[in-house]
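Encoded as structure tokens, the structure appears first; notes follow it.
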Amino acid sequence: MSTPTRRLGRPVLFICDLQEKFRNAIHEFPRVVSTTQKLLKASQILDIPVFATTQLRSKLGETCPELGLDAPGGIKTIAHADKSAFSMFVPEVQKAFHTLGPEKKEVVVVGIEAHICVTQTTLDLLREGHKVYVLADGVSSCNPQEVPIALARLRAEGAIVTTSESFLYECMGDAAIAEFKGIAGIVKDYNKATKENLQALCKF
């Protein structure tokens with residue numbers, strides 16, 4: 001039997017604008033946060049670089065503290081940039097992203113809003129030639145009706161619209177890799193939350 005290798009060689013996690021002021025405005029916001037927390041736990045096991053942004057932080061608040069980004073004992077991001085542009089792929093993020101090397105990446109995007117910042121981030125990454133995964137159980141908007149329209153557009157543009165669990169298993173590709181047990185444990189721990197998140201966010 002040959003040595004097992006991961007199916008995705010260069011995954012990167014983008015977390016878009018999960019901020020305090022959006023908590024009561026975004027449809028099923030806690031579900032988006034829950035899926036993001038699952039991915040962050042997986043990123044530690046799979047050593048996936050994390051990028052995050054805030055939209056006009058002084059007006060719309062800090063990144064939600066429960067994500068633990070750049071907090072003591074939390075997850076250190078490669079870049080955690082504030083922006084006014086809607087796309088995450090602003091110069092500060094681009095510069096940090098390109099330090100990962102010239103190879104094309106597999107970028108998984110979660111956050112808000114699906115039809116604005118998530119859409120424009122995805123389009124910019126696709127334009128650079130990267131493979132982009134948009135997680136249906138990890139994005140939302142103020143108006144839920146916007147989401148399926150945005151996801152249909154992004155799929156047509158070449159993005160892969162999938163779920164957090166599908167993405168994690170595609171990242172691994174093989175149950176024989178050393179990290180499988182840890183990821184399987186996260187999937188088990190989030191089993192109930194994943195079902196609830198899918199039911200809340202994937203009604204289309």
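The values are calculated or read from the model by the stated rules, or taken from the named source; none is laboratory data. This is a predicted model, so every value here is computed, not measured. Note that each Cβ is placed from the backbone with ideal geometry, even for glycine, and that neighbours are counted across all protein chains shown. Accessible surface is based on the protein model in full, side chains and every heavy atom, while ligands, DNA and RNA are left aside. Shrake-Rupley method; radii C 1.70, N 1.55, O 1.52, S 1.80 Å.
Is one or more of the residues making up the stretch 41-51 open to solvent by less than 70 Å² (accessible area, probe 1.4 Å) and more than 22 Å from E170 (Cα to Cα)? Scanning the stretch 41-51, I find no residue that is open to solvent by less than 70 Å² (accessible area, probe 1.4 Å) and more than 22 Å from E170 (Cα to Cα), so the answer is no.
State yes or no: is P11 within 24 Å of V187 (Cα to Cα) and over 17 Å from the mean Cα position of the chain (by Cα)?
Numbers: within 24 Å of V187 (Cα to Cα): yes; over 17 Å from the mean Cα position of the chain (by Cα): no.
So P11 fails the test.
Consider the stretch 66-100 and keep the residues that are in contact (Cβ under 8 Å) with a residue 40 or more places away in the chain and out of contact with any strand residue (DSSP E or B) (no Cβ under 6 Å at 6 or more places or on another chain). The one that is nearest to G9 (Cα to Cα) is L100. If you go through the stretch 154-185 and keep only what is over 18 Å from the mean Cα position of the chain (by Cα) and not acidic (D, E), you end up with A156, G173, A175, A176, I177, A178, F180, K181, G182, A184, G185.
Look through the stretch 87-113, keep the residues that are among the small types (G, A, S) and over 19 Å from S166 (Cα atoms), and return whichever of them is surrounded by the fewest Cβ atoms within 10 Å (Cβ to Cβ).
In this case the residue turns out to be G101.
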